[in-house]
Amino acid sequence: MILEKIEGPSDLRKLSWRELDKLAQEIREFLLETVSRTGGHLAPNLGVVELTIALHLVFDSPKDKIIWDVGHQCYVHKILTGRRKQFPTLRQYGGLSGFPKYRESPHDCFQTGHSSTSISAALGFALARDLNGENYSVVAVIGDGALTAGMAFEGLNHAGHLGAKIIVVLNDNEMSIANNVGALSNYLSRLRTEPLYHRSKEELEDLLRKIPNIGPRMIKAVERLKDGVKYLLVPGMFFEELGFTYLGPIDGHNVRILWEVFERAKTMTGPVLVHVYTKKGKGYYFAEKKPEKFHGIGPFNIKTGEPIAKSDLPTYTQVFGEYLTELATENPKIVAITAAMPDGTGLSVFAKRFPERFFDVGIAEQHAVTFAAGLARAGYFPVVAIYSTFLQRSFDQIIHDVALQDLPVVFALDRAGLVGEDGETHHGIFDLSYLRCIPGIIVMAPKDENELRRMLKSAFHYKAPVAIRYPRGAGQGVPLDPSPEFLPPGRGELLREGKDLVILAVGPLVYTALDVAEKLSEKGQEAAVVNCRFIKPLDEELILELAQQTGRVLTIEENVLAGGFGSAVLEFLGDRGYRGEVARVGIPNCFVEHGSPQLLRQQCGLDVQGILNFLQKKGWFNG
């Protein structure tokens, strides 16, 4: 196998074009074999095999900097940069990350995980290079979907304004402009990058300037004519107007053409945008047919494309999407908004039932929130369904545009807590902290999928900003009430009485708290357990009463301890002059790496045994 001989990018330069094509085929087979076992982002990586090979043929990583936007399409990059033997550990605890990680390899020059950051980072590298008097190339690889985020345009605008020498590779697998491809387009790109073309253009301008009086006017006339023709013939005029030299569209699955274009782009001055078109999921029938399904997938059967381990229990995401659709049937003012995640947030069913009331704004979380605020001010009830980690990007809009105006916008925070194999950039472990400090917002966490329905129904009656955070994956399998009851804001639920301590928990960890209480009871200690439900406002009366009765309070949350639920309880009890003991269990003040959620909870001490060990160290439990 050719792939087994590739220990680093320099090995690619020893291969013939035919061998490089064979290598691309072997990489696809290797990706399928590995990702079918580990899970991961399959379709994006199948689509960038030739592109990645060409980049490493032309650019000398790690001296040259290659920055992968979002980063979920970096698997081929990892394979070609000396990590092939480690690749079976992909997304496993202690193994390779599914995203670029600077601690993992010098070839991962910039850590990514959220969208639309690559151009800004590349510009930073380029300016640092110039300030240091160094000489290397900087390449940002960004997908067409990532260009919907304002930050990408901010980076393009600044780079064009400065005339910085960077190369932006636009990996296009959806835009209609991809139809404008073929021999003519490739020829035009080669023509425009030929040194002879640029020398002839400069010599003609010099000649015209020497003609008295009419020379400058002739140059302007030629420029106007040239621009007019370019607007008609060149699909990248938008980027040209921003100050970039536009090359493309280029066949992103032809290594030789990509090599030629990148070689020429490397020699050009100023910012260059290379537009390549690719097919997401290329080489695997099921991924080509349903690329959205294979964008991110768990372990699956290669022959059938079907998931291997599939729970029969409904997920929180499914329950949310189906019940929101049911509520929208009754209330025509309910609208749903997502940021390029209709399937991931469960809103696909809503979109099919109410297409006129469903809005996918693309990867533009800031716009999504302010857009929702406008709808709310106009009398609608918008539900903004976004992953917890991605809502971080619109913190200012939540404060300034929603909370400040006390608008009834419902934030459905999917993937809250430890999400697992996607790691640091995707864990939703900060939302309780960054939301709790906002005046007027109501923050809830359901213990199970039935309570999620109750919270969603109740949220439309609060007439205030509401955030409901719930985890990834299957629910508890509890029965669903046909008509969920209203939840008064700030009302907790006493699930178990006890005299020795009170355990205050939020989210599915409520069930863990009940298991802990059962273990304590076996040793003669009785713990009260409260499903607090509300992080803000707290059920102050119930918490204070039980705290005073027991003298010991334990809080449990799947959020960072700094500023989270436990902090809220501490602040409240401190303000009330409580003299007893308080202890908190949650995510420590660190970034949590990738791994299965169950294993990560064990590592953070959030499983039953971990909590019992914590209580024993505190002297609250004699196990």
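Here are some notes:
- Debye, to nearest 20: dipole size of the chain, +1 on Lys, Arg Cβ, -1 on Asp, Glu Cβ: 1180 debye
- Recomputing percent of Cα pairs over 49 Å apart from the coordinates shown identifies the correct label among (i) 21; (ii) 33; (iii) 12 as (i).
- Tilt relative to the chain, helix 316-330 - C-alpha long axis, 0 to 90 degrees, to 10: 90 degrees
- Sum of side-chain charges, Ser120 neighbourhood, beta-carbon under 12 Å (Lys, Arg +1; Asp, Glu -1): -2
- Lys, Arg +1 and Asp, Glu -1 on Cβ, resulting dipole of region 1-159 about Cα centre, debye, nearest 20: 440 debye
- Local net charge near Glu451, Cβ-Cβ under 14 Å (Lys/Arg +1, Asp/Glu -1): +2
- With Cα atoms defining each centre, region 528-566 and region 485-524 are spaced 10 Å apart in the structure.
- Charge sum, other residues only, whose C-beta stays under 10 Å from Leu432's C-beta, Lys/Arg counted +1 and Asp/Glu -1: 0
- Annotation: extensible slack from Met237 through Glu593 equals 123.9 nm (criterion: 0.36 nm per residue apart, minus Cα-Cα distance).
- Unsatisfied cross-links (Cα-Cα over 27 Å) in the set Lys65/Lys85; Lys499/Lys617; Lys293/Lys352; Lys85/Lys310: Lys85/Lys310
- Beta bridges by DSSP in the chain, antiparallel share as percent, to the nearest 5: 15 percent
- Restricting attention to region 491-623, close to 15% of DSSP beta bridges with both partner residues there are antiparallel.
- In the chain, a dipole from Cβ-located charges (positive for Lys and Arg, negative for Asp and Glu) runs towards its positive end, and of Gln616, Thr81, Trp68 it is Thr81 whose Cα lies farthest in that direction.
- Rounded tilt (10° steps) of 540-550 against the dominant C-alpha axis of the chain: 60 degrees
- Global geometry of region 495-618, whether rounded, prolate or oblate, following the gyration tensor of its Cα atoms and the 1.5 cut on a/c: oblate
- In this calculation the C-beta distance from Arg37 to Glu154 is compared with R0 = 41 Å, giving a FRET efficiency of 0.55.
- Among 146-154, 615-623, sorting by the average number of other beta carbon atoms lying within 10 angstrom of each residue, highest first, gives 146-154, 615-623.
- Counted residue by residue at 0.36 nm each, then reduced by the alpha carbon distance between them, the extension gain from Tyr102 to Arg13 reaches 29.6 nm.
- Between 0 and 90°, nearest 10: helix 17-38 axis offset from the chain longest Cα axis: 10 degrees
- Judged by the mean number of other Cβ atoms found within 10 Å, the most tightly packed of the peptides 71-83, 246-258 leads the ranking 71-83, 246-258.
- Extension gain, Lys5 to Ile302: 0.36 nm times the residue separation minus the Cα-Cα distance gives 104.4 nm.
- For region 339-380 versus region 4-80, the spacing of their alpha-carbon centroids is 35 Å.
- Residue-averaged [θ]222 nm for the chain, counting only DSSP H segments that reach four residues, each worth -39500 (n - 2.57): -12000 deg cm²/dmol
- Lys, Arg +1 and Asp, Glu -1 on Cβ, resulting dipole of region 495-618 about Cα centre, debye, nearest 20: 260 debye
None of the figures in this text is laboratory data; all of them are computed from the coordinates on show. Keep in mind it's a predicted model, so treat the numbers as computed, not measured. Note that each Cβ is placed from the backbone with ideal geometry, even for glycine, and that neighbours are counted across all protein chains shown.
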